[in-house]
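Notes to accompany the following structure.
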Amino acid sequence: MEAMLAIAIGLLSSCGVYLMLRARTFPVILGLTLLSYAVNLFLFASGRLTINAPPIISAEASHYTDPIPQALVLTAIVIGFGMTAYIVTLALRGLSESGDDHVDMAIESTEAGKKGEAS
Amino acid sequence: MTSFLVMHSAILPVLIPFVSSIVLLLAAGRHPSMQRGIAAVSTLLLLAASAHLLWLTDHLPPIAYALGEWQPPFGIVLVADRLAALGVMLSAILGAAALLYASAGFDRKGRHFHAIFQLQLVGINGAFLTGDVFNLFVFFEVMLLASYILLAHGGGLDKSRSGFAYVTLNLAGSAVFLIALGLIYGTLGTLNLADIAIQLQTVSSDQAALVRLAGALLFTVFLLKAAVLPLSFWLPHAYAAAGAPVAALFAIMTKVGIVALLRVETIAFGPAAATADLVGDWLVIAALATIAVAALGVLAAKRLQTLIAWLVLSSAGVLLLLAPLGEREITAAGLYYLVQSAIAGAAFFLLSGLISDARGAAADHLSAARSNMPVRLKLGFLLLAATAAGLPPFSGFIGKLMLLSSVSDASMAAAIWTVILIAGLLTTVALAKAGSRLFWETPSEAEALPPATQTAAHWRQTAACFGLMTIAVLLVVLARPLSDFCQRTAMQLHEPADYIHAVIPQPETVNRVNRP
């Protein structure tokens with residue numbers, strides 16, 4: 001199971017990094033999302049992988065899984081969700097203001113400048 | 001009542017802006033003067049609470065505040081020592097000035113300016129006060145999320161574009177931060193900073209490599225926040241695009257990264273054998289490169305606000321020398337430099353806003369424009385330019401002098417002196433050029449842009465800007481007490497045992513379970 005999880009994290013982060021280096025906003029946001037999935041899985045694994053064990057003390061349980069990483073992952077998911085929502089709105093605003101979805105600032109500024117001169 | 005205040009003094013700088021930001025969210029639709037009133041009351045309370053905390057920490061050992069009485073290392077803990085109190089005080093002063101400036105009309109450009117502004121203060125103060133690396137992450141995120149919104153406040157293509165790059169970069173930084181935290185928890189089994197320091201002393205050799213990797217990743221994130229080369233290219237874009245009061249508050253955000261780096265290094269990673277050599281000469285080189293590039297950026301800037309953003313970057317480079325050199329005298333000198341550069345930088349951003357308003361369509365572009373600039377703006381520019389360039393008798397000079405004389409015994413002293421002094425010269429040249437362009441050059445009739453329609457700045461803007469300038473001058477007059485305080489802060493910082501003892505008084509009684 002460790003190997004499977006490691007491969008999944010590796011695959012997710014490599015796809016995420018590749019997409020983040022693209023020139024348009026949508027792939028960049030997708031890349032960020034994939035990277036945050038990878039990070040959440042990694043964080044989860046930092047408490048060791050335990051199967052069929054409760055995180056809360058109970059009378060029947062003989063062994064436990066570590067509850068802290070679960071709480072950390074939950075926090076990270078909430079923060080990541082808020083950030084993704086914000087960056088999507090920012091990207092949409094940039095798209096509606098400039099008419100294209102390039103990430104690069106320099107190209108966009110000159111293009112916007114040209115548009116401004118033309119109109 | 002007094003004992004209650006003393007007991008909870010560590011959490012007040014986080015709690016006050018947090019409560020008021022919630023109240024402000026509810027009052028979003030109300031009259032602006034009511035929102036301004038709530039924000040002003042909250043900021044004044046924050047100033048009082050910060051001053052109280054500063055006084056307390058100067059007379060007491062570090063104060064550990066366990067939320068919900070969960071005893072460390074298991075619960076969430078805030079720790080107020082002199083460094084944290086100094087940072088909180090600084091953010092309260094800058095926050096008050098920026099808020100006063102914004103209350104002249106900038107806050108009306110969006111619905112939730114005041115709520116987000118208070119949230120920004122929550123994040124900054126929390127990042128200074130937290131005693132737990134995961135909460136450091138959370139407060140960083142609160143700070144950044146608020147800063148994203150403040151950066152975009154006022155709208156405009158420039159802002160959403162530089163905003164996108166800034167957010168993407170910081171989200172990638174957050175991912176790296178979380179990986180570092182996962183590694184720390186996976187190897188040491190704790191995220192409490194004091195407990196990390198204890199666990200690092202006894203880390204087994206097969207775990208050492210992973211811990212070193214975690215430390216390296218953590219420092220990378222702090223260096224991204226502190227904008228050290230090569231992770232610094234976002235800063236001039238973002239700071240130049242922000243509105244003047246927002247940029248003034250941002251002047252402290254690079255300092256948060258530096259303080260976090262300093263704290264984690266001096267308390268946990270520096271004293272441990274396995275990770276002692278993580279921060280070393282490479283950081284000195286990176287810091288010097290940052291200073292050099294920032295000096296060139298100052299020379300090349302086409303707008304006053306971009307120029308100031310490069311100045312902020314330059315001061316961040318100087319401050320990064322503190323962590324690797326790691327001596328008490330240097331830390332003390334650096335802390336004085338931190339205070340003065342934050343205040344002067346923020347005042348400069350506000351002044352740039354005033355100058356920009358007075359020049360009409362030419363704004364803060366370093367080109368000729370017709371304007372009837374009040375004399376006080378010119379004098380203000382002279383004062384701040386001299387401070388930023390480190391000319392006597394202003395606080396920038398004292399800060400630089402203390403820093404240079406304290407590093408004279410360090411291993412790379414020659415390189416540090418050369419780079420800082422040449423950068424200072426270039427900065428002087430650039431600022432002289434900028435000043436003569438802004439104030440003296442008159443345009444030919446053909447290329448003149450329309451002058452400002454509204455001439456007089458609002459009294460709040462002027463008061464905020466010149467209030468900060470007065471503090472910058474006071475830093476010269478009160479250099480002795482402040483540098484004494486910085487000495488005591490540095491002493492405390494280099495005695496991590498006190499910090500650890502305050503958080504975990506009896507480490508041997510902590511009940512730990514062996515993990516697979």
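The values are calculated or read from the model by the stated rules, or taken from the named source; none is laboratory data. Computed from a prediction, not measured in an experiment: that's the story for all the values here. Note that each Cβ is placed from the backbone with ideal geometry, even for glycine, and that neighbours are counted across all protein chains shown.
Data overview
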| quantity | calculated |
| --- | --- |
| Some residue of region B:159-168 being among the polar types (S, T, N, Q), more than 8 Å from chain A (Cβ to nearest Cβ), in a helix (DSSP H, G or I) and out of contact with any Asp or Glu (no Cβ under 7 Å at 6 or more places or on another chain) | no |
| Residue match in region B:22-32 (condition: outside any helix (DSSP H, G or I) and either aromatic (Phe, Trp, Tyr) or surrounded by 14 or more Cβ atoms within 10 Å (Cβ to Cβ) (or both)) | yes |
| Failed item in (1) touching a Gly at 6+ places or on another chain (Cβ under 8 Å); (2) outside any helix (DSSP H, G or I); (3) among the hydroxyl-bearing types (Ser, Thr, Tyr), with residue B:101 passing the rest | (2) |
| Residue match in region A:32-51 (condition: closer than 27 Å to residue B:184 by Cβ, without any contact (Cβ under 8 Å) to a residue 60 or more places away in the chain, more than 12 Å from every other protein chain (Cβ to nearest Cβ) and surrounded by fewer than 16 Cβ atoms within 10 Å (Cβ to Cβ)) | yes |
| Helices (runs of 4 or more DSSP H) wholly inside region B:184-255 containing at least 2 residues that are free of Cβ contacts under 8 Å to residues at least 12 places away in the same chain, out of contact with any helix residue (DSSP H, G or I) (no Cβ under 6 Å at 6 or more places or on another chain) and crowded, with 24+ Cβ neighbours inside 10 Å | none |
| Residue match in region B:66-82 (condition: in a helix (DSSP H, G or I) and either modelled with pLDDT of 90 or more or surrounded by 22 or more Cβ atoms within 10 Å (Cβ to Cβ) (or both)) | yes |
| Whichever residue in region B:169-189 is touching a Lys or Arg at 6+ places or on another chain (Cβ under 9 Å) and more than 8 Å from chain A (Cβ to nearest Cβ) and, among such residues, is nearest to residue A:43 (Cα to Cα) | B:189 |
| Unique match (being assigned to a helix (DSSP H, G or I) and more than 29 Å from residue B:351 (Cβ to Cβ)) among B:291, B:267 | B:267 |
| Subset of region A:53-108 (residues that are hydroxyl-bearing (Ser, Thr, Tyr), touching a helix residue (DSSP H, G or I) at 6+ places or on another chain (Cβ under 8 Å) and either closer than 26 Å to residue A:36 by Cα or more than 7 Å from chain B (Cβ to nearest Cβ) (or both)) | A:75, A:84, A:86 |
| In region B:30-88, the residues that are in contact with a helix residue (DSSP H, G or I) (Cβ under 9 Å, 6 or more places away or on another chain) and of a type in the set (Asp, Glu) | B:58, B:81 |
| Filtered residue count, region B:427-442, keeping only those that are surrounded by fewer than 19 Cβ atoms within 10 Å (Cβ to Cβ) and of a type outside the set (D, E, K, R) | 8 |
| Hey, residue A:28 closer than 26 Å to residue B:135 by Cα, within 9 Å of chain B (Cβ to nearest Cβ) and either touching an Asp or Glu at 6+ places or on another chain (Cβ under 6 Å) or at pLDDT 90 or above (or both) or not | no |
| Unique residue being within 14 Å of chain A (Cβ to nearest Cβ) and of a type in the set (Phe, Trp, Tyr) when the list is B:117, B:128, B:74 | B:74 |
| Pick from region B:348-370, criterion more than 27 Å from the chain's Cα centre (by Cα) and crowded, with 21+ Cβ neighbours inside 10 Å, ranking: farthest from residue B:104 (Cα to Cα) | B:369 |
| Flag if residue B:148 is touching a helix residue (DSSP H, G or I) at 6+ places or on another chain (Cβ under 7 Å) and at the interface with chain A (Cβ under 8 Å from one of its Cβ atoms) | yes |
